[in-house]
Amino acid sequence: MAAASKNGAANGKLRILLIEDNPSDAELELAELRREGFEVSSDLAQTRDEVSERLSKHSYDVVLADYNLPHFRGMETLEIMREKGLNVPVILVTGALRSMTAVECVKQGATDYVLKDNLTRLSLCVRRALAETALKEQRKRAEMQLAKKVEQLARSNSDLEQFAYVASHDLQEPLRMVAAYTQLLSERYRGKLDESADKYIAYAVEGALRMQALISDLLAFSRVGRNGAERANIECNAVVDESLKNLAAAVQESGVIITRGLLPTVHADRVQLGQLFQNLLGNAIKFCGKDTPAVELSAERQGDEWVFAVCDNGIGIASEHKEQIFVIFQRLHTRTEYSGNGVGLAICKKIVEQHGGRIWVDSQPGRGSTFRFTLPAISADRDDIHENHS
C-alpha cells in the first residue's frame, strides 16, 4: 500500500476502490477529492464478486463503500479483506446512516463514514485514514523487528549456553590432569629444587585448582534448565532439610543459628530448588559478621505467589552492588577474604526466573541482608504448609 504524503498519499497520488451503484455519486466523490488536491485514479465495483476481483488484482490506498447497495453491503468489504489478509482503510459513504449504526460499523472495523450530502468531510476522512494506516504499518514493522530481535537474542543466548556447556564440560578432563600432575610435581619435588621453583610450582597448583573450580561452577550454571525442569509439587521443608545436610560442616564450624518459619509446597524442580536454598543459606553462613551467625528462613503468601525470605545478620551489601551480585563471576571481595567464584547467586537468579519468579536483596552494610524470591503458588497451598524449626 502507498504511504501517506503531505497530500494524503505518496507522490500526491491516490488509488481508490469505489463500491457504488450510482455513477453520479461516484463522480461527485472523486471530484471532491480532486478539488482538495488529490490526484485520483479509481476502479468501480457493485457486487461481491467484483469487489473480490478488484482487491485481488490491484492495490488500493483506500476503499470508499456505499453502505447499502442492491446486491452488496459495504461492510462486507471488511470480511473480504480479512480473507485476503489486506489492511486497507474502508470509509463508508452513504446517503443516510443512523448514528448508532455508524458507531457499530466503526466498531466492526470501518475507518470512518461520510454522508453524501456532506462530502466536504471526505478529504479530511481520507487523510486521517491514510495517516492511521501508515501508523499501523509502522507499528507492525516495529513489532516484527522487535520479535525478530527477540528471536535472535534467544538464539544467541542458546548458542552461548551451548558453548559454555561444551567448553566447560570438555575442559574438565584435561584440567583435571593438569591439576593432578602439578600437585604430584609439588609433592615429589618440594624442597629438592630451589626456593623459586617451589614457589612457581605452588602458583601452578593454585591456578589449576582455581580454574578447576571455575569450570565446575560454569558447568553448573550452564546446566540449569538445559534439559528442561522436571517439576512436581515439592515440600520446601524436605528440600531445606537436604540442603542443610549438605551444609552440615559449614553449619557446625560457624555455629550458625537457623530458624525456619512456615514453608509451603510449590510446583518446582526438586534439584534446582535444592540448589537455590543451598546457595542462599550457604551465602548467609559464609558472609557472617562478628556476631554469632543467625539465619531466618520464611515464606509469605501474597496473591498468586509465595515470597520467600532468607534473612541474615552478616556483613551486608552496599546499595550500588545489589544488582551486580546476581551477575555471573561478579565478586565483591577478594578470594583471600571469602572463597568462591561469584556464580552462586547467578544460578539462584536463573533458577528463580525459569520458575516464573523474581529475586532481589534488601541490605545495609554491617546490618545483614534479606534475600527474597518469589515462586508461583499452587492450589491447596494452605493445606500443605508445615511448621518446622531447626
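The values are calculated or read from the model by the stated rules, or taken from the named source; none is laboratory data. These figures come from a predicted structure and were not determined experimentally. Cβ placement follows ideal geometry from the backbone for every residue including glycine, while neighbour counts extend to all protein chains displayed. Calculation scope for accessible area: heavy atoms of the full protein, side chains included, ligands and nucleic acids excluded. Shrake-Rupley method; radii C 1.70, N 1.55, O 1.52, S 1.80 Å.
What to note about this one:
- Cβ-Cβ contacts under 6 Å between residues 6 or more apart (or on different chains), taken from a first residue in the range 357-372 that is farther than 18 Å from residue 346 by Cα and among the charged types (D, E, K, R) to a second residue that is open to solvent by less than 70 Å² (accessible area, probe 1.4 Å) and in a loop (DSSP other than H, G, I, E, B), are listed as 367/316.
- Residues that are under 16 Å from residue 16 (Cα atoms), open to solvent by 50 Å² or more (accessible area, probe 1.4 Å) and over 35 Å from the mean Cα position of the chain (by Cα) within the range 57-103 comprise 57, 58, 59, listed in sequence order.
- Of residues in the range 363-376 being at pLDDT 90 or above and more than 13 Å from residue 272 (Cα to Cα), the one most open to solvent (accessible area, probe 1.4 Å): 372
- Of the residues examined, residue 244 is not one that is under 20 Å from residue 375 (Cα atoms), in a helix (DSSP H, G or I) and within 34 Å of the chain's Cα centre (by Cα).
- The condition (being touching a Ser or Thr at 6+ places or on another chain (Cβ under 6 Å) and surrounded by 21 or more Cβ atoms within 10 Å (Cβ to Cβ)) is satisfied by just one residue among 308, 277: 277.
- Taking the range 47-71 as the range and being in a loop (DSSP other than H, G, I, E, B), at pLDDT 90 or above and in contact with a Leu (Cβ under 6 Å, 6 or more places away or on another chain) as the test, the residues that pass are 60, 61.
- Condition met for residue 187 (at pLDDT 70 or above, closer than 29 Å to residue 198 by Cα and open to solvent by 80 Å² or more (accessible area, probe 1.4 Å)): yes
- Residues that are touching a residue at least 40 places away in the same chain (Cβ under 8 Å), surrounded by 10 or more Cβ atoms within 10 Å (Cβ to Cβ), out of contact with any helix residue (DSSP H, G or I) (no Cβ under 7 Å at 6 or more places or on another chain) and of a type in the set (A, V, I, L, M) do not occur anywhere in the range 137-160.
- Yes/no for residue 126 being at pLDDT 85 or above and assigned to a helix (DSSP H, G or I): yes
- Enumeration of residues in the range 104-136 that are surrounded by 14 or more Cβ atoms within 10 Å (Cβ to Cβ), in contact (Cβ under 8 Å) with a residue 12 or more places away in the chain and among the charged types (D, E, K, R): 112, 116, 127, 128, 132
Conditions (1) outside any strand (DSSP E or B); (2) farther than 21 Å from residue 374 by Cβ; (3) of a type in the set (Gly, Ala, Ser), marked per residue:
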residue: 252; (1), (2), (3): yes, yes, no
residue: 272; (1), (2), (3): yes, no, no
residue: 284; (1), (2), (3): yes, no, yes
residue: 297; (1), (2), (3): no, no, no
residue: 308; (1), (2), (3): no, no, no
residue: 311; (1), (2), (3): no, no, no
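- Of the set (1) under 20 Å from residue 56 (Cα atoms); (2) within 38 Å of the chain's Cα centre (by Cα), all apply to residue 106 but (1).
- Sole residue being modelled with pLDDT of 90 or more, of a type in the set (A, V, I, L, M) and touching a Cys at 6+ places or on another chain (Cβ under 8 Å), chosen from 295, 352, 310: 295
- Among (1) among the small types (Gly, Ala, Ser); (2) open to solvent by less than 30 Å² (accessible area, probe 1.4 Å); (3) touching a residue at least 12 places away in the same chain (Cβ under 8 Å), the one test that residue 52 misses: (2)
- Residue within the range 105-113 that is at pLDDT 90 or above and within 20 Å of residue 22 (Cα to Cα) present: no
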